[in-house]
Amino acid sequence: MKIIKAINNNVALAVNEQGHELVIMGKGVGFQKKLDDIIDDAVIEKVFVLETDELSEKLMDLLGEIPAIHLEIADEIVNYAKETFDAKISDNVYLTLTDHISFAIARHEKGMLIRNVMLWEIKKFYKDEFKIGLKALDIIKERLGIQLGEDEAGFIALHIVNARTDGQAMKTTVDMTQVVQDVLNIVTYHFNVVLDESSLNYTRFVTHLQYFAQRLLRNEIVDSGDDFLFDQVQVKYPESFECTGKIDAYLQKAHHATLTKDERVYLTLHIHRVTERNRTNE
């Protein structure tokens, strides 16, 4: 392999005999190296062969700003995820997860804790990914001696959710976007309101819809059958609950899917919050 660019003594961008760019790590791998210098295989400890040269270069740029151990931690988490799922894990996760882990550690050191508003739903609907998030916390604790909280396990779980692909990523993304937009239209017309897209409740609602649409299109909808909560929201928020009935009818017609009781509960709560300022009869 030949050097393209050395980031520091231990990280470099290289090219192999096939012309593919690689991110390589190892003690002294980049020390005093210049363009086209040959790399001694004996000093290479890790090689990251990513899907595109552009992704490799972006990862290199990131490694110029953060400790290389953050990529090693992300790699260990991704390998654990690959052992857990049969689905392919997109290489983009090396960039996004490494960046997130580095930022999370920096925030932790400054005492800046961010609450994960989706944590409850992540635990509920992405149980396997959340277990990976918890494992990630163990890896970070073991490697750096830093104990992050469950909120971060939830954020890491979402990175794994986003990274899982089945070869139909583009079609799924398009279909997800359509489902989200259709549901937003149903809510808008049902309440005859313009939703405040700058509000936190709107952001939470759209985030919920994105992951709901993803589960729907992957046929991963689950239901606990919690009749108590279902009955509670039906009585307490009748207008929002009625709106979920329209969403259910749309899903049956357009996607041959039916909302579970759990999803009707969560959608009712989100719709209530996002339309609260405009509501006069709930």
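Residues in the range 44-55 that are crowded, with 17+ Cβ neighbours inside 10 Å and modelled with pLDDT of 80 or more: LEU55 alone.
Taking residues in the range 238-259 that are open to solvent by 50 Å² or more (accessible area, probe 1.4 Å), and partners anywhere that are part of a helix (DSSP H, G or I) and among the charged types (D, E, K, R), the pairs with Cβ atoms closer than 9 Å and at least 6 places apart or on different chains are ALA254/ASP182; HIS255/ASP175; THR258/ASP248. With respect to (1) more than 26 Å from PHE130 (Cβ to Cβ); (2) charged (D, E, K, R); (3) open to solvent by 70 Å² or more (accessible area, probe 1.4 Å), the lone exception for LYS88 is condition (1).
Scoring VAL180 on the criteria (1) open to solvent by 80 Å² or more (accessible area, probe 1.4 Å); (2) in the same structural domain as ALA249 (by the TED database); (3) not charged (D, E, K, R) leaves a single failure, condition (1).
The numbered conditions (1) out of contact with any strand residue (DSSP E or B) (no Cβ under 9 Å at 6 or more places or on another chain); (2) over 24 Å from VAL29 (Cα atoms); (3) open to solvent by less than 60 Å² (accessible area, probe 1.4 Å) are all true for ALA81 except (1). Inclusion of LYS58 among residues that are open to solvent by 60 Å² or more (accessible area, probe 1.4 Å) and not assigned by the TED database to the domain that holds ASN16 is warranted.
Pairing each residue of the range 109-125 that is more than 20 Å from GLN147 (Cα to Cα) and open to solvent by less than 80 Å² (accessible area, probe 1.4 Å) with any residue that is at pLDDT below 80 and not hydrophobic (A, V, I, L, M, F, W, C), provided the two are 6+ apart or on different chains, yields C-beta distances under 9 Å for LYS124/SER224; PHE125/GLU220. Beta carbons closer than 7 Å, at least 6 apart along the sequence or on distinct chains, pair a first residue in the range 193-214 that is part of a helix (DSSP H, G or I) with a second that is aliphatic (A, V, I, L, M) and surrounded by fewer than 17 Cβ atoms within 10 Å (Cβ to Cβ) for ARG204/VAL117.
The values are calculated or read from the model by the stated rules, or taken from the named source; none is laboratory data. Quick caveat: nothing in here was measured; it's all calculated off a predicted structure. Reconstructed Cβ throughout: ideal geometry from the backbone, glycine too, with neighbour counts over all protein chains shown. For the accessible areas, the whole protein counts, side chains as well, though only heavy atoms, and no ligand, DNA or RNA atoms are used. Shrake-Rupley method; radii C 1.70, N 1.55, O 1.52, S 1.80 Å.
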